[in-house]
Amino acid sequence: MPGRPDADDFPHAAGNPARGALRAAGRTRLTQLTALTAAEVLALHGVGPKAIRVLREALAAEGLSFSGE
């Protein structure tokens with residue numbers, strides 16, 4: 001639902017800090033992460049290696065990947 005703090009389609013396993021960091025950076029959809037490198041996402045405060053792994057797996061499940069991968 002738009003407007004809700006959890007209004008994104010990122011996997012919950014990525015963790016709330018990472019999901020919040022992505023929303024704060026203006027990203028709310030997994031498909032939007034294809035424009036970013038994993039290093040760019042990792043540089044966001046709240047995003048760690050586990051979140052990158054979870055997001056990478058979620059992207060792969062959709063036939064997508066971080067930019068440059």
Worksheet item: To the nearest 500 deg cm²/dmol, what mean residue ellipticity at 222 nm is calculated for the chain from DSSP H runs of n ≥ 4 alone, each contributing -39,500 (n - 2.57), summed and divided by the residues?
Response: -11000 deg cm²/dmol
Practice prompt. Mind putting together the pair-distance distribution for the chain? All Cα pairs, 10 Å bins, whole percent per bin, short to long.
Written response: 23, 62, 15, 0
Discussion item. Given the options Asn16, Phe66, Leu36, identify the residue whose Cα lies farthest towards the positive end of the charge dipole of the chain (+1 on Cβ of Lys, Arg; -1 on Cβ of Asp, Glu).
Written reply: Asn16
Worksheet item: What net charge is computed for the residues neighbouring Thr31, neighbours being all others with C-beta under 11 Å from the C-beta of Thr31, Lys and Arg scored +1, Asp and Glu -1?
Response: 0
Worksheet entry | Accessible area per residue, Å², the chain with all protein chains present, probe 1.4 Å | 59 Å²
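Using per-residue counts of other Cβ atoms within 10 Å, averaged over each peptide, order 50-57, 30-37 from highest down.
On the way: 50-57: 17.0, 30-37: 15.5.
Descending mean neighbour count gives 50-57, 30-37.
The values are calculated or read from the model by the stated rules, or taken from the named source; none is laboratory data. Just so you know, these numbers come straight off a predicted model, no measurement behind them. Backbone-built Cβ (ideal geometry, glycine too); neighbour counts: all protein chains shown. Heavy atoms of the whole protein, side chains included, go into the accessibility calculation; ligands, DNA and RNA do not. Shrake-Rupley method; radii C 1.70, N 1.55, O 1.52, S 1.80 Å.
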